[in-house]
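Down below is the structure, laid out as structure tokens.
The values are calculated or read from the model by the stated rules, or taken from the named source; none is laboratory data. Remember, predicted model here, so these are calculated numbers, not experimental data. Don't worry about glycine lacking a Cβ; one is built from the backbone with ideal geometry, like all the others, and counts go over all protein chains shown.
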Amino acid sequence: MVGNHADGFDVHLTNNCTRTMRVQVIVDYAPDSACHVLPRGADTWYSYEGIFDL
């Protein structure tokens, strides 16, 4: 799920797989996230604060 706001955006990551997964948010025109290790059933957020132009 991605939520946009005036100063950037947030991405909610949820692991619905049956094992631990490594995920990274790849973004156009903004920094990519660090690699997140999510155990089964875990969730986390990636937030970008800043203005970016297309």
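Summary table below
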| read-out | value |
| --- | --- |
| Members of the range 8-54 that are free of Cβ contacts under 8 Å to residues at least 24 places away in the same chain and of a type in the set (Ser, Thr, Tyr) | Thr18, Thr20, Ser33 |
| Of residues in the range 13-54 being acidic (Asp, Glu) and not in a strand (DSSP E or B), the one modelled with the lowest pLDDT | Asp53 |
